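The values are calculated or read from the model by the stated rules, or taken from the named source; none is laboratory data. Computed from a predicted structure; not experimentally measured. Heads up, the Cβs are rebuilt from the backbone with ideal geometry, glycines too, and the neighbour counts pull from every protein chain shown.
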Amino acid sequence: MSPSPSPSPSQPPAPTGITRIDHVGIACRDLDASIEFYQRVHGLTVEHEEVNEEQGVREVMLRTNGTDDGNASYLQLLEPTHSDSPVAKFLDKYGEGVHHVAFGTGNVDTAAHAAAGNGIRVLGSEPRPGTAGSRIVFLHPRDCGGVLTELVQAPEDTTGDRNH
């Protein structure tokens, strides 16, 4: 998805329509130790766990709270499954820590087009499968104040439960 031309001055670009902070992605070398830390220190529990072969990660979602739109906010812990995955490269360069911030939206296609209309580079040609059946796109960090930004459309089930 490449950026679309800037709108005319008489017509401002459409906003992306984000509804919440969906999750903060945290890169870690030892997923089990990180889970134990967040359970012990913050009382969080694992709501969903999976291996995402396409992205080369083993991941968990730790629910932090509910949101007004019926979904929830999470911490997503990411452990690379192979040394050439994007998360492994991130860990090699920066070490453990915040990898990305994800915002929820009711329609990831519309949000991605709105971001492109605002001159933000959308990474990838179209939304792809994300955690627990969600649909996602990433926005280039150089266009988002240095923050790798993810837009997330939850699966049709809007209970906020990533275990369904």
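Among what's in segment 47-84 and is part of a strand (DSSP E or B) and small (Gly, Ala, Ser), pick the residue that is nearest to Val101 (Cα to Cα).
Filtering first and then ranking leaves Ser73.
Give me a count of the residues in segment 42-93 that are modelled with pLDDT under 90 and of a type outside the set (Ser, Thr, Tyr).
Number of matching residues: 7.
Any residue in segment 87-102 that is in contact with a His (Cβ under 9 Å, 6 or more places away or on another chain), under 23 Å from Gly56 (Cα atoms) and of a type in the set (Ser, Thr, Tyr)?
No - not one qualifying residue is present in segment 87-102.
Is it the case that some residue within segment 133-148 is loosely packed, with under 15 Cβ neighbours inside 10 Å, at positive phi and either without any contact (Cβ under 8 Å) to a residue 12 or more places away in the chain or in a loop (DSSP other than H, G, I, E, B) (or both)?
yes
Any residue at all in segment 76-88 that's farther than 22 Å from Asp32 by Cβ and free of Cβ contacts under 8 Å to residues at least 24 places away in the same chain?
No: segment 76-88 contains no residue that is farther than 22 Å from Asp32 by Cβ and free of Cβ contacts under 8 Å to residues at least 24 places away in the same chain.
Working only within segment 49-72, note down all residues that are of a type outside the set (A, V, I, L, M, F, W, C), surrounded by 18 or more Cβ atoms within 10 Å (Cβ to Cβ) and under 15 Å from Val152 (Cβ atoms).
Gln55, Glu59, Arg63, Asn71
Just need a number here: residues in segment 88-130 that are over 13 Å from the mean Cα position of the chain (by Cα) and in a loop (DSSP other than H, G, I, E, B).
The qualifying residues number 8.
Does segment 119-133 contain at least one residue that is among the charged types (D, E, K, R), more than 21 Å from Ile21 (Cβ to Cβ) and at pLDDT below 95?
yes
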